[in-house]
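Below you'll find the structure, written out as structure tokens, and then a few comments.
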Number of protein chains: 2
Amino acid sequence: MTVASLLDRRSRLMGPNVSTFYDEPVHLVKGEGVWVWAADGRKYLDCYNNVPHVGHCHPAVVDAICRQAATLNTHTRYLHEGILDYIERLTATFGDPLSTAILTCTGSEANDIALRMGEAVTGRRGVIATDHTYHGNTTAVSQLSRTNPPTGGYGSHVRHVPAPDSYRPLGGEAGAAHAQAFADEVAKAIAELEKTEHGFSALIICPFFANEGFPDLPKGWLEPTANAVCGAGGVIIADEVQPGFGRIGTHMWGHQRIGLTPDIVTLGKPMANGHPVGGVVSSPDIMTAFRKSFRYFNTFGGNPVSCAAADAVLEVLRQEDLMENAKTVGDYARQGLHQLSEQHQVIGDVRGSGLFFGAELVRDRQSREPATDYANRVANEMRRRGILLNKLGIHYNTLKIRPPLPFTRANADLMLSTLDEVLTDLPVDQ
Amino acid sequence: MTVASLLDRRSRLMGPNVSTFYDEPVHLVKGEGVWVWAADGRKYLDCYNNVPHVGHCHPAVVDAICRQAATLNTHTRYLHEGILDYIERLTATFGDPLSTAILTCTGSEANDIALRMGEAVTGRRGVIATDHTYHGNTTAVSQLSRTNPPTGGYGSHVRHVPAPDSYRPLGGEAGAAHAQAFADEVAKAIAELEKTEHGFSALIICPFFANEGFPDLPKGWLEPTANAVCGAGGVIIADEVQPGFGRIGTHMWGHQRIGLTPDIVTLGKPMANGHPVGGVVSSPDIMTAFRKSFRYFNTFGGNPVSCAAADAVLEVLRQEDLMENAKTVGDYARQGLHQLSEQHQVIGDVRGSGLFFGAELVRDRQSREPATDYANRVANEMRRRGILLNKLGIHYNTLKIRPPLPFTRANADLMLSTLDEVLTDLPVDQ
């Protein structure tokens, strides 16, 4: 079946405007480790997908799913040890007092709960997010999104603050001044919300600011912001859907890397290597406030198969030391990008941590004018040459490289040499 | 591990108020067909679970999950035939023009989308639901729930109408008068919403009124209601999470049985036999309106493994002729309940269709006073004697019998003889 006829069937069966990646969408049929195969037999190096976190079709995860699916799959109104064992292992990776969890099926459901946890514990409803974020697709959560703005406009309980940008820092200065400038914006939004009927409930952020282009922020950078939130009696929700589960190499969680102590943490995509699992981790106090204020039950959330899949991911991470691999291979790849930047003026900045990294492309290093169209052309040309990656960031000019964690130095070399060729072959001004 | 220590671990790891079934919760470890096994080796006949729709751990579904999980699991931004083949087969079971679908991970996500589809197509926001319903757990959808009322009260865009009750019909009369009385309540709620800034967007109902106690309503019963909704330019959302996929025996879908043509249909629990899959089916026009008004992407929704699992369910339903089985065994079991009602005055009414049925228990057949506590004691005593069922309905006095579809006459006989014993052994006045 041709790509054109698949696209026809898609729009007939799924409706218009259903997004695909790349000018020529890829028709995938097989995956293994860091590799995927298209229907025409072509093999691609996957430098993009964080959902198959421990590698496409990891046999230990597949085996856990098969064994449990053949044994029992029910819901949490029956007792089952799977969910208890998993939550125990999961929360052991967090600092005190983050020792309780609700399991959901998606990160969107997790953030939808997190907002209600904020309401339960503060009695207020106003939420602050950055102006270049995405936290999910439910009606309530899509209210926060600036990358997919809601039809009918934002609710009066939502405020957005300028996303941090280490390459073009707020107020023109990096470091402590930048951190304070961000905190000041948050404090301003808090004051605004406090003047409304909603009051201020929560700040929700990705502690790695992934959609914002993963700015290079030092440990402690969010301290002034956390003080502002705490001083106003609000809570901090750390959306770890993207940086979590060891991807950033230095730490299991994005908030640990930046030195933030969140009240609520939300989890999603990589949690069970593609099996639909998300979750919310919080303290016993916040969990109790939520459980007392809202009755919540999720039929598929925390079912035995989902827990087996999620538990297998934690086990593979440990056994294969994938967080350490993310660190060493990520450092190596970033070094490679720095080397490429010596020959390619278009690389304005190299950023990231572990196996979540990339390069911001600019038309001019002095003016730092974003090379947005060029980044799009580069992503498409990389795809044509067998390397899957993409772009994101405030100006959508940052190459987003976020492969499955078993990514090797050899994989990084292939990605880097292909990028070198593409940057050489594609002139910026065209 | 004892039940007490599991409950301790649950409240420590999952928080308080996490509901379980039965006074003595069941600790399940294995399932097969219509049977489940507890950790102590005891075997239970499952007369309750609709999620393992084609039977616990059906080998064809398990096999489909294993094969696809070992081959590829990605998302819909790559092309994959699995989702297209599945949507084609799924929508073939609906009448025109319901030919397009969005796949989600839960029925809650499906209803959350359906409400936005209503907004997209009407430009309005007011929603009407019955006053004894539950449609899911997201912030937006839990606004509709009367069984789990939202903290902070209902939004001003929500109206509730009295749930239909064939045993105690609205206005005191069954049949056409009852149908008109319900339609009048809906028309009143529409008029109220039209006076607000929200206007009237959608009526959302389970077309089998499952949580309401599955009243016995004849084909065409919803016609006056549909006319009221249509006349006001609103849409009808049929939540098929409970009656769908052939469970009711006579038809694949609850709306087909009652002769309703909904604009939007939502799907969940039984869709993939426990694998987290939900969906929204609609017409190309409504889908286009939604896709143009809202950007929607769901990372796990419609992934190849979820589609393989869902497709296997459709295939097993067809191969094993399970809808027909639901009809014949359901008819047989209801006949058995009618026979029991001759000896047990507490059985006030026997209702249902296919393998979704039960008996309403009353303290007195004249006054029809609900035997709510008694129904609870019966469900718990049945569990003690190895039969899992539960109770629901407006007065929570209706036994809810909703087994996996491969339920046999022998299974029904065991359930009925045990119920006979329990009703004999448990006096109503105690």
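A few remarks follow.
- Number of positions in the stretch B:361-382 that are crowded, with 17+ Cβ neighbours inside 10 Å and touching a Lys or Arg at 6+ places or on another chain (Cβ under 7 Å): 5
- Residue in the stretch A:383-406 that is under 22 Å from A:G244 (Cα atoms) and surrounded by fewer than 17 Cβ atoms within 10 Å (Cβ to Cβ) present: no
- Leading residue by the ranking (surrounded by the most Cβ atoms within 10 Å (Cβ to Cβ)) among those in the stretch A:103-128 that are more than 7 Å from chain B (Cβ to nearest Cβ) and β-branched (V, I, T): A:T104
- Residue pairs meeting the criteria (Cβ under 8 Å; at least 6 apart or on separate chains; first without any contact (Cβ under 8 Å) to a residue 12 or more places away in the chain, in the stretch B:55-83; second aromatic (F, W, Y)): B:Y78/A:F21
- Scope the stretch A:129-156; condition farther than 18 Å from B:Y296 by Cα and either surrounded by 20 or more Cβ atoms within 10 Å (Cβ to Cβ) or not assigned by TED's automatic domain parsing to the domain that holds A:V186 (or both); matching residues: A:A129, A:T130
- When residues of the stretch A:142-175 are limited to those that are among the β-branched types (V, I, T) and modelled with pLDDT of 95 or more, the one farthest from the chain's Cα centre (by Cα): A:V158
- Inter-residue pairs, beta-carbon under 6 Å, first closer than 16 Å to B:Y396 by Cα and in the stretch B:364-383, second in a loop (DSSP other than H, G, I, E, B) and among the acidic types (D, E), 6+ apart: B:N380/B:D23
- The C-beta contact set for the stretch A:103-120 (first residue farther than 14 Å from A:R295 by Cβ and in the same structural domain as A:R159 (by TED's automatic domain parsing), second residue in a helix (DSSP H, G or I) and of a type in the set (K, R), distance under 8 angstrom, 6+ apart or interchain) comprises A:G107/A:K269.
- The set of residues from the stretch A:290-309 being farther than 23 Å from A:H255 by Cα and part of a helix (DSSP H, G or I) comprises A:R291, A:K292, A:S293, A:P304, A:V305, A:S306, A:C307, A:A308, A:A309.
- Filter result for the condition that a residue is of a type in the set (V, I, T), over 25 Å from A:P276 (Cβ atoms) and either in contact with a strand residue (DSSP E or B) (Cβ under 8 Å, 6 or more places away or on another chain) or not assigned by TED's automatic domain parsing to the domain that holds A:N397 (or both), over A:V313, A:V305, A:V346: A:V346
- Selection within the stretch A:194-215 - more than 16 Å from the chain's Cα centre (by Cα) and either closer than 21 Å to A:P243 by Cα or crowded, with 24+ Cβ neighbours inside 10 Å (or both): A:F200, A:S201, A:A202, A:L203
- Positions within the stretch B:30-54 being more than 7 Å from chain A (Cβ to nearest Cβ) and free of Cβ contacts under 8 Å to residues at least 40 places away in the same chain, in sequence order: B:E32, B:W35, B:W37, B:A38, B:A39, B:D40, B:G41
- Among residues of the stretch B:55-95 being buried (at least 23 other Cβ atoms within 10 Å of the Cβ) and more than 17 Å from B:V305 (Cβ to Cβ), the one that is nearest to the other protein chains (Cβ to nearest Cβ) is B:H56.
- B:H344, sole failed condition from (1) over 21 Å from B:P406 (Cβ atoms); (2) touching a residue at least 60 places away in the same chain (Cβ under 8 Å); (3) buried (at least 23 other Cβ atoms within 10 Å of the Cβ); (4) of a type outside the set (K, R): (3)
- Residue satisfying condition, being assigned to a helix (DSSP H, G or I) and out of contact with any Cys (no Cβ under 7 Å at 6 or more places or on another chain), within set A:V378, A:V362, A:V281: A:V378
- Among the residues of the stretch A:21-46, the ones that are in contact with a Ser or Thr (Cβ under 9 Å, 6 or more places away or on another chain), in a strand (DSSP E or B) and hydrophobic (A, V, I, L, M, F, W, C) come to 4 in all.
- For the stretch A:250-268, taking the residues that are crowded, with 24+ Cβ neighbours inside 10 Å and under 14 Å from the mean Cα position of the chain (by Cα), the one that is nearest to the other protein chains (Cβ to nearest Cβ) is identified as A:G268.
- Residues being in contact with a helix residue (DSSP H, G or I) (Cβ under 6 Å, 6 or more places away or on another chain) and either more than 7 Å from chain A (Cβ to nearest Cβ) or closer than 12 Å to B:L90 by Cα (or both) - total across the stretch B:291-304: 2
- Tally, over the stretch B:4-23, of residues that are at the interface with chain A (Cβ under 10 Å from one of its Cβ atoms), within 25 Å of the chain's Cα centre (by Cα) and not aliphatic (A, V, I, L, M): 5
- Unique match (being assigned to a helix (DSSP H, G or I), more than 23 Å from B:D420 (Cβ to Cβ) and modelled with pLDDT of 95 or more) among B:E342, B:E315: B:E315
- You will find that of B:A176, B:A183, B:A191, the residue that is surrounded by 20 or more Cβ atoms within 10 Å (Cβ to Cβ) and small (G, A, S) is B:A183 and no other.
- A residue that is under 23 Å from B:N73 (Cα atoms) and either surrounded by fewer than 20 Cβ atoms within 10 Å (Cβ to Cβ) or more than 9 Å from chain A (Cβ to nearest Cβ) (or both) cannot be found anywhere in the stretch B:318-332.
- The set of residues from the stretch A:314-333 being closer than 14 Å to A:K400 by Cα and within 19 Å of the chain's Cα centre (by Cα) comprises just one member, A:G330.
The values are calculated or read from the model by the stated rules, or taken from the named source; none is laboratory data. Here the structure is a predicted model, which is why all the values come from computation and not from measurement. Please note: Cβ atoms are built from the backbone with ideal geometry, for glycine as well, and neighbour counts cover all protein chains shown.
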